[in-house]
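Each remark here refers to the structure printed beneath this line.
The values are calculated or read from the model by the stated rules, or taken from the named source; none is laboratory data. Only a predicted model underlies this, so the values are computations on that prediction, with no experimental measurement involved. Positions of Cβ are generated from backbone atoms using ideal geometry, with glycine treated the same way; all protein chains shown enter the neighbour counts.
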There are 2 protein chains.
Amino acid sequence: MFEQLGLIGCGLMGGSFALALKKAGLVKRVVGYSKSPSTTERARQMGVIDVEAPSALLAVSGADLVLLAVPVAATEATFKAIRHLVTPNTLIMDVGSTKREVIDSARRVLRDQVGVFVPAHPITGKELAGVEHADAELYRGRQVILTPIERTLTAQLEKAQQVWTALGCHVRQMSPEAHDAAYAAVSHLPHLIAFALMNSIKGQADGDTYLSLAGPGFRDFTRIAASDPSIWRDILISNREELIAQSRHFQRALHTMETAIAAGNPDALEALIDAASSSRSHWRMTAIKSHG
Amino acid sequence: MFEQLGLIGCGLMGGSFALALKKAGLVKRVVGYSKSPSTTERARQMGVIDVEAPSALLAVSGADLVLLAVPVAATEATFKAIRHLVTPNTLIMDVGSTKREVIDSARRVLRDQVGVFVPAHPITGKELAGVEHADAELYRGRQVILTPIERTLTAQLEKAQQVWTALGCHVRQMSPEAHDAAYAAVSHLPHLIAFALMNSIKGQADGDTYLSLAGPGFRDFTRIAASDPSIWRDILISNREELIAQSRHFQRALHTMETAIAAGNPDALEALIDAASSSRSHWRMTAIKSHG
């Protein structure tokens, strides 16, 4: 049980965390701060937070749990804003989709206190951003990846595991490097591709007609293209080395298939599709059953 | 009301059409043929067809409605197998995802009788192939694209429109060329990309670990990668010119985004993502409400 959650960033991810924590009875009060005062006010009106803080620092004042739920490029400025009120007993977490850059920021700003920060990435989301779409069930059944470093304090790491587990999450640990490589492959590159495909079609003279003809396959394939531009701008740039490397891998695989298609080689093409189809058919999303 | 549907190909698409036609009370009997006798037998046991035909020709014997529901590369051989029993009153349709090659086959084989063939492409499907997954509701609310040619008979075209409309579909007409360009963009290329992405990840040493970390965004993005290899081998090769052209468009759009990412240019990247996100947010799948 936490006395106070200091929530910095009252959007979809932060707001859903506050609601989930309250629903699980794990926090006495939530003090929230958002860059936009109207968002903070809205969060209070919705009962996502109990008290509006006029600054990130004041949200952290008195908090034993702090969640940074801001775009990854805003992480360093946020650490700077709050560092004077971080105590050895505080647990700070983030929800960022990239981990190496976030951890570098934490090292630079928190210095000797970097051990209280447990980098976290919950594998969930919605294409609808903003506190209006906050949902106490957003995290339930999902994976949460923790990427502690050598200086991370054991007590904080254990508390972090307990919180996410209590919210119904499946917690995994890995290095920040392994995390960033994996999510470049299975999340950041798919987003980049989906954005590029939408722009490719819209950029053609008949693009709107093409879009009017699209069906359920296109709907699901491009769902992630509707994601929030400022959040994803930060993620793609933050993880650019791994992302570009994954894009090169992908373009080689695409080229291999195009070669079979251009040559009209049905056997080679079927073998390539069969490998992909079989991989996808056997894939199951790691998830735990809902307790609800 | 049709006397007899001659169904050639008793898989997901053909089986679902037979079930939908029966449910709507639009056909007295369904005579079915599949290349695999066990599929034909299964279709009869399931009540998808009433009578098993030992050949495509015998399925057409006595049929006033014929549906070709075979992989597009098998279309020409199927026309050859049935042409001797095609009458001026028969309505023949297909369900192929590409139209130019199918129409070329029809011209070559049916010759003077090509007017009884109304090329059709229902925009629906499942990743689960086979008659076991046939579903009377598969077509309801979906678009069906008809691509008549100059020699298509008006009577057959009207009957085709009536049948699909009676099954709850939204019927549109366009040229085979326009159809193939549009579906290269919104269906064939997304499938090709999804296949290539799966192969790209699986081909890496840590690919299985990466896949175990993937979440709901990846699940939806790659759903179409589980599609049937032989069906999609045919589609991608059949429409290869338009597909390769669309892939070039896409790769240029991808390169534009990569350039902004590599340069660490957040403003340029955000503008590109914003365009994509806005296009996708405003897109709505053309569909009509279910009457069910």
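Could you grab me the full set of residues in region B:1-60 that are basic (Lys, Arg), more than 12 Å from B:Val131 (Cβ to Cβ) and touching a helix residue (DSSP H, G or I) at 6+ places or on another chain (Cβ under 9 Å)? Can you show your working first?
Looking only at region B:1-60, we keep the residues that are basic (Lys, Arg), and these are B:22-23, B:28-29, B:35, B:42, B:44.
Still in the list and also more than 12 Å from B:Val131 (Cβ to Cβ): B:22-23, B:28-29, B:35.
The answer is B:Lys35, and nothing else.
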Looking at (1) under 17 Å from the mean Cα position of the chain (by Cα); (2) more than 28 Å from A:Pro266 (Cβ to Cβ), which is the only condition B:Ser97 fails?
-> (2)
Test: A:Thr286 is under 30 Å from B:Glu242 (Cβ atoms) and not basic (Lys, Arg) | no
Quick one: is B:Glu258 in contact (Cβ under 8 Å) with a residue 40 or more places away in the chain, surrounded by fewer than 22 Cβ atoms within 10 Å (Cβ to Cβ) and not assigned by TED's automatic domain parsing to the domain that holds B:Gly141?
-> no
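Just for region B:131-151: of the residues that are touching a Leu at 6+ places or on another chain (Cβ under 6 Å) and outside any helix (DSSP H, G or I), which one is surrounded by the fewest Cβ atoms within 10 Å (Cβ to Cβ)? Explain how you work it out, then say what you get.
If we filter region B:131-151 for residues that are touching a Leu at 6+ places or on another chain (Cβ under 6 Å), which is where we start, we get B:133-134, B:136, B:139, B:148.
Subset that is outside any helix (DSSP H, G or I): B:134, B:136, B:139, B:148.
Details: B:Ala134: 24, B:Ala136: 19, B:Tyr139: 23, B:Pro148: 21.
Here the residue is B:Ala136.
Consider region B:192-209. How many of its residues are crowded, with 22+ Cβ neighbours inside 10 Å and either of a type in the set (Ser, Thr, Tyr) or more than 7 Å from chain A (Cβ to nearest Cβ) (or both)?
First, the residues of region B:192-209 that are crowded, with 22+ Cβ neighbours inside 10 Å: B:192-201.
The next check asks that each one be either of a type in the set (Ser, Thr, Tyr) or more than 7 Å from chain A (Cβ to nearest Cβ) (or both); those that pass are B:200.
Final tally of qualifying residues: 1.
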Is it the case that A:Asp267 is facing chain B (nearest Cβ under 7 Å) and more than 22 Å from the chain's Cα centre (by Cα)?
-> no
Considering only region B:122-166, state which residues are closer than 21 Å to B:Met1 by Cβ and among the hydroxyl-bearing types (Ser, Thr, Tyr).
-> B:Tyr139, B:Thr154, B:Thr165
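Can you tell me which residue is farthest from A:Leu128 (Cα to Cα) among those in region B:241-264 that are facing chain A (nearest Cβ under 8 Å) and among the small types (Gly, Ala, Ser)?
Filtering region B:241-264 down to residues facing chain A (nearest Cβ under 8 Å) leaves B:243-244, B:246-247, B:249-254, B:256-258, B:261-262, B:264.
Among the residues that remain, those that are also among the small types (Gly, Ala, Ser) are: B:247, B:253, B:262, B:264.
Values: B:Ser247: 29, B:Ala253: 24, B:Ala262: 27, B:Gly264: 26 Å.
Going through the qualifying residues, I end up with B:Ser247.
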Which ranges mark the helices (runs of 4 or more DSSP H) fully within region A:215-269 that have 1 or more residues being farther than 21 Å from B:His255 by Cα and among the acidic types (Asp, Glu)?
-> A:216-221
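I'm trying to understand the selection: among the residues of region A:19-38, which are assigned to a helix (DSSP H, G or I), touching a residue at least 24 places away in the same chain (Cβ under 8 Å) and surrounded by fewer than 22 Cβ atoms within 10 Å (Cβ to Cβ)? Before the answer, list the steps.
Taking region A:19-38 and keeping what is assigned to a helix (DSSP H, G or I), we get A:19-23, A:37-38.
Filter once more, so that each one left must be touching a residue at least 24 places away in the same chain (Cβ under 8 Å): A:19-23.
A:Lys22, A:Lys23, listed by residue number.
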Residue check, A:Ala166 in the same structural domain as A:Thr98 (by TED's automatic domain parsing) and within 14 Å of the chain's Cα centre (by Cα) | no
When region A:142-168 is checked residue by residue, the ones that are within 9 Å of chain B (Cβ to nearest Cβ) and not polar (S, T, N, Q) are A:Arg142, A:Ile145
Kindly check whether there is at least one residue in region B:78-90 that is of a type in the set (A, V, I, L, M), part of a loop (DSSP other than H, G, I, E, B), modelled with pLDDT of 95 or more and over 28 Å from B:Arg140 (Cα atoms).
-> yes
With respect to A:Val171, determine if the residue is without any contact (Cβ under 8 Å) to a residue 60 or more places away in the chain, within 11 Å of another protein chain (Cβ to nearest Cβ) and not aromatic (Phe, Trp, Tyr).
-> no
How do the pairs read when you match residues in region B:219-240 that are within 7 Å of chain A (Cβ to nearest Cβ) with residues anywhere that are basic (Lys, Arg), using Cβ under 6 Å and keeping only pairs 6 or more apart or on different chains?
-> B:Asp220/A:Arg223; B:Thr222/A:Arg280; B:Ala225/A:Arg280; B:Ala226/A:Arg280
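Are any residues in region A:46-84 of a type outside the set (Gly, Ala, Ser) and under 16 Å from A:Arg29 (Cβ atoms), and if so, which ones? Give the steps one after another, and end with the answer.
The initial filter retains those residues of region A:46-84 that are of a type outside the set (Gly, Ala, Ser), namely A:46, A:48-52, A:54, A:57-58, A:60, A:64-68, A:70-72, A:75-76, A:78-80, A:82-84.
Matches in region A:46-84: A:Met46, A:Val48, A:Ile49, A:Asp50, A:Val51, A:Glu52, A:Leu58, A:Val60, A:Asp64, A:Leu65, A:Val66, A:Leu67.
Could you identify the single residue in A:Leu67, A:Leu110, A:Leu58, A:Leu128 that is at pLDDT 95 or above, outside any strand (DSSP E or B) and either outside the structural domain of A:Gly14 (by TED's automatic domain parsing) or closer than 24 Å to A:Thr39 by Cβ (or both)?
Values: A:Leu67 fails: outside any strand (DSSP E or B); A:Leu110 fails: either outside the structural domain of A:Gly14 (by TED's automatic domain parsing) or closer than 24 Å to A:Thr39 by Cβ (or both); A:Leu128 fails: at pLDDT 95 or above.
Testing whether each residue is at pLDDT 95 or above, outside any strand (DSSP E or B) and either outside the structural domain of A:Gly14 (by TED's automatic domain parsing) or closer than 24 Å to A:Thr39 by Cβ (or both) leaves just A:Leu58.
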Checking A:Ile82 against (1) within 20 Å of the chain's Cα centre (by Cα); (2) touching a residue at least 24 places away in the same chain (Cβ under 8 Å); (3) over 20 Å from A:Pro176 (Cα atoms), the condition it does not meet = (1)
Is at least one residue of region B:152-172 part of a loop (DSSP other than H, G, I, E, B) and either hydroxyl-bearing (Ser, Thr, Tyr) or closer than 30 Å to A:Ala196 by Cβ (or both)?
-> yes
